[in-house]
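Right, one structure below, let's go through it.
The values are calculated or read from the model by the stated rules, or taken from the named source; none is laboratory data. Just so we're clear, the structure is a prediction, and the values are computed from it rather than from any experiment. Every residue, glycine as well, gets a Cβ built from its backbone with ideal geometry; the counts of neighbours run over all protein chains shown. Only protein heavy atoms, including side chains, enter the accessible area calculation; ligands, DNA and RNA are left aside. Shrake-Rupley method; radii C 1.70, N 1.55, O 1.52, S 1.80 Å.
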Amino acid sequence: MAKGKKTAFFCQNCGYESGKWMGQCPACREWNTFAEEIVEKSAGAHTVRRETAEPVRLSSIKSGEESRISSGCGELDRVLGGGIVPGSLVLVGGDPGIGKSTLLLQVCKNMTQQGRRVLYISGEESLQQIKMRAERIGKIGEELLLLCETNLETIKSAIQRVKPEAVVIDSIQTMYNETVGSAPGSVSQVRESTSLLMQIAKGMEITVFIVGHVTKEGVVAGPRVLEHMVDTVLYFEGDRHASYRILRGVKNRFGSTNEIGVFEMRETGLEEVKNPSEFMLDGKPEGASGSIVACSMEGTRPILIEIQALVCRSNMAIPRRTAVGTDYNRVNLLMAVLEKRLGLHLSSYDAYVNIAGGIRMNEPAIDLAVVLALVSSYKDRPIDEKAIAFGEVGLSGEVRGVSMAQQRALEAKKLGFTTVIMPQVSVKAVGQIDGVRILGVRSLKDAVERI
Ligand code: TYD
Ligand code: MG
């Protein structure tokens, strides 16, 4: 590093700043993540001082609720809380190659079809590459403008000239700001770039979509540093080998989080999956033991998924336990409950739990289904394949109530299930549903005996 310049050390994983180098970050506990960066910048470069600051009455402020713009894609609108809010900063994170650029180019396509002007700025791909992708996803309107640039000052003046309604920055790790001395992708660079983009978004009422790469090792400054700066954080996830992708809202200043949007990656770009339950249950085995369908609420929408368990005799001193798609510790806890409350001798058995389809589900309401799948596999007795189960399991083996039981039961009916195994305390909230047998259970013992 050049002598005479003011520098600081930043954890490249979480953005923690320190005056000296450290081996382990005290904030995120990662090792070897500190890198030296120049922090000197022109004083007050991004601070605008106003002479008067006049507080205003809350009642005199016009609500911006009705001015949402549709992204033309129902699944994305749902995750955003009902559409794009003008002037908001949206971060789309995800592993490389998951489809972030494709998704945002499709948003551009939909917005231009509504006659809106959109500016797509790429720091990663050439104009030809973007053109090739655009040809795959279909007809794009006239008002999509492309720019291959990484210098933020240039980008800022381009935005001021073009005056688009939305800007896409692909990706934040490639952008750099001359006032910051460190390399693109470093924590201070990413942070400065984002604050500049935030001023553009808020000052000019332009929606800015920022693409951010995440790496497991945290080598590049992950979007973690920006999460608190932006209005909305969306994560794009999915199994690279499966065709569907899940867009998950982790932070949203304009709507609820936990909403998910489901997409399928096709030859012609991302396609919305309107009915995820049907999609997830595709290929469910019939009459197999160790399998049952659970219902999890993802935001406001119930989703049915198949839970699979395989319990088999172990020939190791410490039996193997694996959980794919759900919390490993939770599965261990449920197995301990089974051992203690139902007297199953699971300590000499290996157990594998899998959420079919590769989706991740962490809602406690899937507990009952996990437990039933384990018991079914242990006893090698299949469960009625027209049954679904949901309910939280407590440490004393009781089945506890869950929220929105009625929506879950109705979703089951919609997909042709005839039995719903659920907590007794929630039965009243569900009421009668034609053609569906509601089986209220109070405890695990109760549940296992009645199936
Ligand atoms: P991309 O949007 O480039 O990912 P990211 O920006 O997150 O790095 O898309 C990555 C993958 O999507 C790539 O492997 C090719 C695939 N793809 C399709 O299958 N169909 C398509 O129509 C497009 C455009 C991409
Ligand atoms: Mg990309």
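Residues of segment 258-293 that are hydrophobic (A, V, I, L, M, F, W, C), more than 16 Å from ligand 2 (Cβ to nearest atom) and farther than 23 Å from Leu310 by Cβ: Ile260, Val262, Val273, Phe279. Would it be correct to say that Arg360 is open to solvent by 70 Å² or more (accessible area, probe 1.4 Å), under 28 Å from Pro319 (Cβ atoms) and of a type outside the set (Gly, Ala, Ser)? The answer is yes for Arg360. Selection of segment 115-143 for residues being of a type in the set (A, V, I, L, M), within 15 Å of ligand 1 (Cβ to nearest atom) and under 18 Å from Ala201 (Cα atoms) yields only Ile121.
Residue pairs whose Cβ atoms lie under 6 Å apart, sitting 6 or more positions apart in sequence or on different chains, and linking a residue in segment 85-110 that is more than 12 Å from ligand 1 (Cβ to nearest atom) to a partner that is in a loop (DSSP other than H, G, I, E, B) and of a type in the set (D, E, K, R), are Val85/Arg68; Pro86/Glu205; Gly87/Glu205; Ser88/Asp231; Leu89/Asp231. Being over 22 Å from the mean Cα position of the chain (by Cα) and of a type outside the set (Phe, Trp, Tyr): is that true of Ser88 here? No; evaluated as a whole, the condition is false for this residue.
Answer with yes or no whether Val79 is touching a helix residue (DSSP H, G or I) at 6+ places or on another chain (Cβ under 9 Å), at pLDDT 90 or above and crowded, with 17+ Cβ neighbours inside 10 Å. Considered against the rule, which asks whether it is touching a helix residue (DSSP H, G or I) at 6+ places or on another chain (Cβ under 9 Å), at pLDDT 90 or above and crowded, with 17+ Cβ neighbours inside 10 Å, Val79 comes out as no.
Within the set Glu271, Glu306, Glu286, Glu278, the sole residue that is open to solvent by 70 Å² or more (accessible area, probe 1.4 Å) and modelled with pLDDT of 90 or more turns out to be Glu271. Exactly one residue out of Gly97, Gly87, Gly93 is assigned to a loop (DSSP other than H, G, I, E, B), open to solvent by less than 10 Å² (accessible area, probe 1.4 Å) and either modelled with pLDDT of 90 or more or within 16 Å of ligand 2 (Cβ to nearest atom) (or both): that is Gly87. Candidates in segment 64-76 are the residues that are assigned to a helix (DSSP H, G or I) and open to solvent by less than 10 Å² (accessible area, probe 1.4 Å); of these, the one that is nearest to ligand 1 (Cβ to nearest atom) is Leu76. Residue check: Glu264 meets all listed conditions (1) without any contact (Cβ under 8 Å) to a residue 60 or more places away in the chain; (2) open to solvent by 50 Å² or more (accessible area, probe 1.4 Å) but one, namely (2).
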